[in-house]
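Below: the structure, in structure tokens.
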Amino acid sequence: LFRSFFATKFPSNINISFPWSLSFPPSLPSWTSTVSGAMEATTSAEAGPASGIAYTTSDTVAHPDLAFERANLLLALAALYSALGSAESRSEKESIKRATAWFQNAAGVLQYIIDNLVEPTAHLTPPSADLHPRLLSCLKDLMLAQAQECFWQKAVVDRLKDATIAKLAEKVRSEERR
């Protein structure tokens, strides 16, 4: 809907900044500050949500681009899917199936962000560390590893053969190390 309607009616830069709170602010451990340090945003005394100027504070970043807004909305959706997967009890088959689906959905949304919003602009510095391709790829791999662990848990609940469970456990372990 967004792409088919709004993207054809408005230019990508509509001169209104969209502020978002950072999921990984620079005050987190050093690996995030390395990623954040690579981000260059314009800071100005008159910068603000209505100014159309990109700006960054210690925990907020804003950028006047609809693609940035869409990427952040989708990142929030992936976080919601991840939270829903984590909230499942995983003590019965149906809850394990739901958790698997939630984690797979989160991974799919993250892959969409990478393929359609980050990769096409790979020559540009992302407006925030949250949208760095390596971070998004890492989060996607984490969601896939969580889904793989759900497969292993389902095998345990289904009382599959020990050899099958061992193979699945090895696959989960190798995915988590990636």
| task | Would you mind checking which residues have amide H under 5 Å from T60's amide H? H placed 1.01 Å from N; only 5 or more apart, or other chain. | result | L22
| field | Two-site label geometry, K97 and N15: point separation in nm, points 7 Å out along Cα→Cβ | value | 5.4 nm
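Mind checking the full-extension length gain between D162 and S86? Use 0.36 nm per residue of separation minus the Cα-Cα distance, one decimal, nm.
Extending this stretch completely gives an extra 24.8 nm.
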| Å² of accessible area per residue within the range 63-122, as computed with a 1.4 Å probe and no ligands counted | 46 Å²
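The values are calculated or read from the model by the stated rules, or taken from the named source; none is laboratory data. All of these numbers come straight from a predicted model, not from anything done at the bench. As a convention, Cβ positions derive from the backbone with ideal geometry for all residues, glycine included, and neighbour counts pool all protein chains shown. Just so you know, the surface numbers come from the protein's heavy atoms only, side chains and all, with ligands and any DNA or RNA stripped out. Shrake-Rupley method; radii C 1.70, N 1.55, O 1.52, S 1.80 Å.
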